There are 2 protein chains.
Amino acid sequence: MTKICPPPLSEGRSLALMIQEAARLQRTVFDRRVHKIGFTRTQWQALRQVVDLPGVSQSELAELLEVEKASAGRLIDKLEAFGWLERRPDDADRRVKRIYATDLGRRIHRKITPVAEAMVEEELSGLSQREREMLAKLLVNIKHRLQEMALANDVIDLKELKKDNA
Amino acid sequence: MTKICPPPLSEGRSLALMIQEAARLQRTVFDRRVHKIGFTRTQWQALRQVVDLPGVSQSELAELLEVEKASAGRLIDKLEAFGWLERRPDDADRRVKRIYATDLGRRIHRKITPVAEAMVEEELSGLSQREREMLAKLLVNIKHRLQEMALANDVIDLKELKKDNA
DNA sequence: ATGCAATAGTAACAATGATTACTATATCTG
DNA sequence: CAGATATAGTAATCATTGTTACTATTGCAT
């Protein structure tokens, strides 16, 4: 376990990195806390969405979880095998399958929800209400900007790299 | 593309989620911008670390990138195959291999660095210097708390879930 | 009605990363 | 020095995800 110091970064880059690190730490802590229960963060998020939106379709769930339809389908396979969720046909459209939490799924949801709540409360415990609002405001600002950037299509061209060796 | 509204969350949870979303958006935007160059974010981060810390060992690099040693090894395999990095034996310890960027690797690094800088600058363009400092302060606070939490070992016990069906 | 484009879900495959087990080397202990 | 222990890196395996191609169904345009 050698101790390595990352090199200094620009002010902006270090902020961007801090966001990445905070997000990763959140995932790490949550994973540690629910690991013994034997499921993953993704599975938990799927369960949460389905409990909160009973009858959501698979495509809608994929959109909410921001994964591909195929990934969502496989995730639902597994959660259905666990007995936490079930697929039911839609009355009107025979293509769609609607997802519902089972009793067991709802029970697990009720059990984990306070854990998630406690975790975020603990994580934010050093911040005043005022500071939380400030943080939310700043993050919303960044998120909006990033969303615009994600839609723009200014990509780097490979040819530029090949040519000049500045 | 059905429009789905996620259900409301507690104030804390929505903040935690915002951090996740900002982090994911950063990754998405960066991926889009470098995708045409044909490499991944992970590869870029590895290149960056190696350029900034020439002669870093594989284990150290794994630690910096926060991936497992085996994953780092395969990543280095690929980057070496690309001709961006090279392994060299350590003078004193025949177990360790030290990683250096090749000329090509350094050239690519010089090309991509401004892209990364421009991206974070653009992403933060809506924030004043004052606000950036505030954001950094708040994130450092959260990160410290999360780091403490990551070390604590208060995990949920599976047996608890099985027993009561409240 | 008919035919065509769009959509919901699935299957097969490739890429990525973690985990475990292994080899080689180094270091510590007596 | 001898032997135990730890560390650096690799190989094999497994799980997860994205991508592409496919089927079934729907709904729109003529």
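Summary of computed values
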quantity	calculated
Taking the C-alpha atoms of segment A:1-119, convex hull volume expressed per residue in Å³	154
Average other protein chain Cβ within 10 Å of Cβ, residues B:123-129	6
Ranked list, fewest to most other Cβ atoms within 10 Å of each Cβ, for A:S10, B:S59	A:S10, B:S59
Set of aspartates and glutamates near B:K97 by C-alpha distance (under 20 Å), chain-local residues within fewer than 8 positions excluded	B:D52, B:E60, B:E63, B:E66, B:E68, B:D77, B:E80, B:E86
Listed residues B:R48, B:R24, B:R94, most fluctuating in chain B (Gaussian network, C-alpha, under 10 Å)	B:R94
Bins of 20 Å from zero: percent of alpha-carbon pairs in the protein assembly as shown	26, 54, 19, 0
Förster-model FRET efficiency, 35 Å R0, A:S125 and A:T42, C-beta, rounded to 0.05	0.85
Gaussian network model of chain A, Cα within-10 Å springs - most flexible of A:G73, A:G12, A:G83	A:G12
Given A:K111/A:K143; A:K69/A:K111; A:K137/B:K143; A:K137/B:K137; A:K69/A:K143, the pairs whose alpha carbons are separated by over 20 Å	A:K111/A:K143; A:K69/A:K111; A:K69/A:K143
Proxy reagent accessibility, fewest Cβ within 10 Å first, across B:D91, A:D77	B:D91, A:D77
Inter-chain shielding of B:130-138 (mean C-beta neighbours from other protein chains, 10 Å cut-off)	5
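Each value in this text was obtained by applying a stated rule to the coordinates, not by laboratory testing. What you are looking at is a predicted structure, and each value in this text was computed from that prediction instead of being measured. We place every Cβ from the backbone using ideal geometry, glycine too, and count neighbours over all the protein chains shown.
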